[in-house]
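**Student:** Take a look at the following structure, please.
The values are calculated or read from the model by the stated rules, or taken from the named source; none is laboratory data. The shown structure was predicted, so the numbers you read here are calculated from the model rather than taken from an experiment. Quick reminder, even Gly has a Cβ in these numbers, built from the backbone with ideal geometry, and neighbours come from all protein chains shown. The protein model used for the area step is the full one, side chains on, heavy atoms only, and it has no ligands, DNA or RNA in it. Shrake-Rupley method; radii C 1.70, N 1.55, O 1.52, S 1.80 Å.
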Amino acid sequence: MSKLRYLTGITTTGTPHLGNYVGAIRPSIESSKSADFESFYFLADYHSLIKSYDAAALQQSSREISATWLAFGLNTDNAIFYRQSDVPEIPELTWILTCMAAKGLMNRAHAYKAAVADNEEHGERDPDKGITMGLYSYPILMAADILMFKANKIPVGKDQIQHVEMARDIAQRFNHHFGEHFVLPEAEINEDVAVLNGLDGRKMSKSYNNTIPLFEPSKRLRKLIMKIKTNSLEPGEPKDHEHCTLFQIYQAFATPEQAASMREQYAAGIAWGDAKQQLFEYLDNYLAEPRERYNELMANPGEIERELQRGAERARDLSRPFLQELRHAIGLGGLPI
Ligand code: TRP
């Protein structure tokens, strides 16, 4: 029996933060170590082009994200780790799928609908103002990412379920016309994974500017942790751990026993300053080793690049022949001689 294939893309915008680590990086690194399934992880740099035209920022983010995944010990012998734009078969497949995807399906995509709603809210006469074809057909590029590698399971956040379903739809349409070439993918939502809040208590996200980047120097990490919003309860007053960002972050990293002991300290009225100091010490220690490795990698981009090129070669060993098969199925390419 062949192994299940997991595949997920990481959009190259921004600097990886604690929320990314807990939600996506840590579980992916764990799976990369298992030989029970095959995993594909890639930098979705074509996707980031939809959101930003800042070339230097895109480069920097690609470098930071790959250094982060490698620093935490991604097993790149098991998992295939590559950059989307190093696999030219993906944009080629994107065009083929664009011709199979219903426009009505794209009209229903959340990201597009949200952009239209935003225009309407602002009284714009053109509901499509500022919306590129890239944003509009984003789900088709994502379908190509997934279908190219015959992935079975797509570990994503809830906001991406719709995109995976669209990939499935498009694959079915293709298969219906040209035969069973594509595997139908399924989204996999890991309910055990915590969604972390940021400095202001809202979900930790680059768009809220409330993140704690993973590899800040100790001093800066401490400063950020001291900024996490708490309430005005005095030392000695019992505190509620349940809706507390500080506790939530601690729990996402600590062992269950350590979290239980922190809960007791909350009930016993720990001072916010002490709780923050404990969180800082815990994280600083947890991150020390990977941070060192990260800094090394950031200073040696050649090492990162070698990994990515090796990944791209492995990916293309699969994508090249598969694209040939697809081209043949739809009547493109050379004439029989
Ligand atoms: N759209 C995904 C996100 O914003 C990133 C992504 C691109 C992706 N291609 C993918 C995720 C393929 C899973 C599979 O998070």
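**Student:** Just a yes or no: is a residue in the range 231-242 at pLDDT below 95, farther than 17 Å from Asn20 by Cβ, open to solvent by 50 Å² or more (accessible area, probe 1.4 Å) and hydroxyl-bearing (Ser, Thr, Tyr)?
**Tutor:** yes
**Student:** Condition first: in contact (Cβ under 8 Å) with a residue 24 or more places away in the chain, outside any loop (DSSP other than H, G, I, E, B) and either among the aliphatic types (A, V, I, L, M) or open to solvent by less than 60 Å² (accessible area, probe 1.4 Å) (or both). Now tell me which residues in the range 101-125 satisfy that.
**Tutor:** Leu105, Met106, Ala111, Tyr112
**Student:** Count, please, the residues in the range 59-87 that happen to be within 15 Å of the chain's Cα centre (by Cα) and over 18 Å from Tyr21 (Cα atoms).
**Tutor:** Qualifying residue count, the range 59-87: 3.
**Student:** Being within 15 Å of the ligand (Cβ to nearest atom) and either of a type in the set (Phe, Trp, Tyr) or under 16 Å from the mean Cα position of the chain (by Cα) (or both), is that true of even one residue in the range 112-125?
**Tutor:** yes
**Student:** In the range 142-150, is there at least one residue being without any contact (Cβ under 8 Å) to a residue 60 or more places away in the chain, part of a helix (DSSP H, G or I) and away from the ligand (no atom under 12 Å from the Cβ)?
**Tutor:** Within the range 142-150, none of the residues are without any contact (Cβ under 8 Å) to a residue 60 or more places away in the chain, part of a helix (DSSP H, G or I) and away from the ligand (no atom under 12 Å from the Cβ).
**Student:** Which condition breaks for Arg5 when tested against (1) surrounded by 17 or more Cβ atoms within 10 Å (Cβ to Cβ); (2) under 14 Å from the mean Cα position of the chain (by Cα)?
**Tutor:** (2)
**Student:** Please determine whether any residue of the range 9-17 is surrounded by fewer than 20 Cβ atoms within 10 Å (Cβ to Cβ), outside any helix (DSSP H, G or I) and more than 14 Å from the ligand (Cβ to nearest atom).
**Tutor:** yes
**Student:** What are the residues in the range 280-323 that are of a type in the set (S, T, N, Q) and either under 23 Å from Leu43 (Cβ atoms) or surrounded by 14 or more Cβ atoms within 10 Å (Cβ to Cβ) (or both), if any?
**Tutor:** Of everything in the range 280-323, those that are of a type in the set (S, T, N, Q) and either under 23 Å from Leu43 (Cβ atoms) or surrounded by 14 or more Cβ atoms within 10 Å (Cβ to Cβ) (or both) turn out to be Asn295, Asn300, Gln309, Ser319.
**Student:** Is it the case, given these coordinates, that Ile189 is among the β-branched types (Val, Ile, Thr), surrounded by 12 or more Cβ atoms within 10 Å (Cβ to Cβ) and modelled with pLDDT of 95 or more?
**Tutor:** no
Residues are listed down the side, and each one gets a yes or a no for (1) touching a Ser or Thr at 6+ places or on another chain (Cβ under 7 Å); (2) buried (at least 21 other Cβ atoms within 10 Å of the Cβ); (3) more than 25 Å from Asn197 (Cα to Cα):
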site: Arg26; (1), (2), (3): no, no, no
site: Ala35; (1), (2), (3): no, no, yes
site: Ser39; (1), (2), (3): yes, yes, yes
site: Asp45; (1), (2), (3): yes, yes, yes
site: Lys51; (1), (2), (3): yes, no, no
site: Asp54; (1), (2), (3): no, no, yes
site: Ser61; (1), (2), (3): yes, yes, no
site: Ala67; (1), (2), (3): no, yes, no
